[in-house]
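Input: a single structure, listed below in structure tokens.
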Amino acid sequence: NVTETIDRPPASSAQAVKVRVAVVDDHESVRLGLKAAFIEEGYDFVIAASNVDELIDGLAGREVDVTVLDLSLGDGSAVTENVKRVQAAGSAVLVHSIADRVALVREALAAGAAGVIPKSSATKTVLAAAATVARGEVLNNLEWATAIDADRDFAKAQLGRREREILHLYASGL
């Protein structure tokens with residue numbers, strides 16, 4: 001159940017190993033807000049960066065389980081490159097976006113992002129999504145389904161008629 005996956009408490013609530021988190025967003029208020037929320041919930045917050053270059057430089061060899069990555073950074077960097085560079089640093093990627101550009105969301109997922117969480121989501125939902133991705137799971141939510149459903153080539157190549165129907169219904173919110 002998607003809702004149960006997203007609403008599952010963060011790993012730190014279960015006294016498990018602390019999840020190591022980074023945030024990359026070009027808006028300072030988003031970086032500061034997520035940093036405060038992750039720390040308050042007991043996550044091991046490693047770094048907040050305004051772009052992927054700053055993240056890579058700032059990590060200096062430290063490891064991160066999940067990076068919450070803004071879909072479209074103000075530095076003009078490409079989505080695919082950003083996702084792949086974060087992954088190359090050893091981190092899973094959770095895209096944090098207003099999610100109104102389905103083509104960019106699809107690009108991020110195709111590059112290997114484990115999920116997309118809207119910036120309009122409640123903070124606890126963002127934290128739970130980060131924990132899900134840090135566990136190595138894919139975040140199957142409405143944004144993910146919508147991006148896949150909108151990709152006609154993927155739907156035709158990978159899914160049967162009934163599976164496409166179900167995905168379309170899920171992406172429609174039914």
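If Leu32 satisfies all but one of (1) open to solvent by 80 Å² or more (accessible area, probe 1.4 Å); (2) touching a strand residue (DSSP E or B) at 6+ places or on another chain (Cβ under 9 Å); (3) at pLDDT below 95; (4) not charged (D, E, K, R), what's the number of the condition it fails?
In the conditions (1) open to solvent by 80 Å² or more (accessible area, probe 1.4 Å); (2) touching a strand residue (DSSP E or B) at 6+ places or on another chain (Cβ under 9 Å); (3) at pLDDT below 95; (4) not charged (D, E, K, R), Leu32 misses (3) alone.
Just the residues that are within 18 Å of Val46 (Cβ to Cβ) and surrounded by 24 or more Cβ atoms within 10 Å (Cβ to Cβ), please, taken from the range 115-128.
Leu127
Would you point out which residue out of Val138, Val116 is under 18 Å from Asn82 (Cβ atoms) and either touching a Ser or Thr at 6+ places or on another chain (Cβ under 9 Å) or at pLDDT below 55 (or both)?
Step by step, each of Val138, Val116 is checked, and only Val116 is under 18 Å from Asn82 (Cβ atoms) and either touching a Ser or Thr at 6+ places or on another chain (Cβ under 9 Å) or at pLDDT below 55 (or both).
Yes/no per residue for (1) crowded, with 16+ Cβ neighbours inside 10 Å; (2) under 17 Å from Val126 (Cα atoms):
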| residue | (1), (2) |
| --- | --- |
| Gly58 | no, no |
| Gly61 | no, no |
| Val68 | yes, yes |
| Gly76 | no, no |
| Asn82 | yes, no |
| Gln87 | yes, no |
| Gly90 | no, no |
| Val93 | yes, yes |
| His96 | yes, yes |
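Which one of Ala131, Ala110, Ala48, Ala103 is in a helix (DSSP H, G or I) and crowded, with 19+ Cβ neighbours inside 10 Å?
Just one listed residue meets the conditions, Ala131.
The values are calculated or read from the model by the stated rules, or taken from the named source; none is laboratory data. Remember, it's a predicted structure, so these values are computed and weren't measured experimentally. Note that we place each Cβ from the backbone using ideal geometry, even for glycine, and neighbour counts take in every protein chain shown. SASA here: full protein model, heavy atoms, side chains in, ligands and nucleic acids out. Shrake-Rupley method; radii C 1.70, N 1.55, O 1.52, S 1.80 Å.
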